[in-house]
Amino acid sequence: MTLATAPFADPSLRRSLTLFRAFLRERTDPEHCYALLARDSADQLEKYGPLAGQVVVDVGGGSGHFTEEFRRRGAHAYLFEPDPDELSARGHPPHQAVLADGYMLPLADGVADVCFSSNVLEHVADPQTFLSEMVRVTRPGGLIYVSFTNWLSPWGGHEMAPWHYLGARRARERYHRRTGTAAKHTLGENLFAIHIGPTLRQVRRRDDVTVLSARSRYWPFLTGVVTRVPWLREVITWNLLLILRRCS
Ligand SMILES: C[S@@+](CC[C@H](N)C(=O)[O-])C[C@H]1O[C@@H](n2cnc3c(N)ncnc32)[C@H](O)[C@@H]1O
């Protein structure tokens, strides 16, 4: 696998198309897809300063693509993941990974320069408590990167999308009929209907973080504008990216 070394302009049509093409091949070439996404996320973080030398905590880091990219850039990156199967999805658990739940990270207050979580928030029942734990382990002035696919996104139903628009139960039944296997996700068990409007309001009400950026993670243009239009944002944002700064 080779990845171009120059960062893509973000936002740009070229970047979005490249990420989308990789996403379409996620099943057949996950290494390429996640390596590209990890590089893109690290580029987004480095807009706020270099990662080299920073302590980065990757919560719900799965099989470790993001942690690997942070380390490649010189960060001291640590992965926390509660599911042993996710950790071993590439045949071996990532180096220095910790089996731990994001609600209760085995870390002291304020140890991280950056607390990172990609596509985990929609998999937890209580996103604000999960976020509070990310804030707790981040030092004052440090960054919190959190992104999630909201329920009304075209990809909100994950492998059952877009049939989740007709209801979660129907979408699950349809998936089973079509594939002969049970869907990986069940709404209310390991996938939750999280929405953009309420999440933005809750995050803006917090007094322990300031919102540096609230944008669509993948859109090619007007990435911040799309998150400001009530109702429409629930469908078109696709995936909300929040970059927060921990208050002193
Ligand atoms: C869709 S995967 C995302 C993996 C990786 N972060 C990425 O973006 O490719 C969701 C991950 O969230 C993890 N997860 C679910 N509940 C969690 C929790 N309470 N604390 C931490 N991670 C959790 C899952 O085990 C899974 O690895």
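Brief remarks on what is shown
Matching residues to (1) of a type outside the set (A, V, I, L, M, F, W, C); (2) within 14 Å of the chain's Cα centre (by Cα); (3) closer than 23 Å to T223 by Cα; (4) within 11 Å of the ligand (Cβ to nearest atom):
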{"site": "S16", "(1), (2), (3), (4)": "yes, no, yes, no"}
{"site": "R21", "(1), (2), (3), (4)": "yes, no, yes, no"}
{"site": "E26", "(1), (2), (3), (4)": "yes, no, no, yes"}
{"site": "V56", "(1), (2), (3), (4)": "no, no, no, no"}
{"site": "G62", "(1), (2), (3), (4)": "yes, yes, no, yes"}
{"site": "E81", "(1), (2), (3), (4)": "yes, yes, no, yes"}
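- The set of residues in region 128-155 being away from the ligand (no atom under 13 Å from the Cβ), crowded, with 17+ Cβ neighbours inside 10 Å and of a type outside the set (K, R) consists of V135, T138, G142, L143, I144, N150, W151, L152, S153.
- Number of positions in region 195-236 that are on the phi > 0 side of the Ramachandran plot and either loosely packed, with under 12 Cβ neighbours inside 10 Å or among the acidic types (D, E) (or both): 1
- When residues in region 207-234 are screened for being in contact with a Leu (Cβ under 8 Å, 6 or more places away or on another chain) and free of Cβ contacts under 8 Å to residues at least 24 places away in the same chain, 1 of them pass.
- Of the numbered criteria (1) among the small types (G, A, S); (2) at pLDDT 95 or above; (3) more than 10 Å from the ligand (Cβ to nearest atom), the one A125 fails is (3).
Residue-wise test of (1) acidic (D, E); (2) at pLDDT below 95; (3) part of a loop (DSSP other than H, G, I, E, B).
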position	(1), (2), (3)
F70	no, no, no
L79	no, no, no
R90	no, yes, yes
P93	no, yes, yes
A108	no, no, yes
C115	no, no, no
F130	no, no, no
V135	no, no, no
P140	no, no, no
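- S117 being within 11 Å of the ligand (Cβ to nearest atom) and hydroxyl-bearing (S, T, Y): yes
- Annotation: of all residues in region 91-106 being more than 19 Å from the chain's Cα centre (by Cα) and either within 13 Å of the ligand (Cβ to nearest atom) or basic (K, R) (or both), the one that is surrounded by the most Cβ atoms within 10 Å (Cβ to Cβ) is P93.
The values are calculated or read from the model by the stated rules, or taken from the named source; none is laboratory data. Please read all numbers here as calculations on a predicted model, not as lab measurements. Virtual Cβ from ideal backbone geometry, glycine too; neighbours counted across all protein chains shown.
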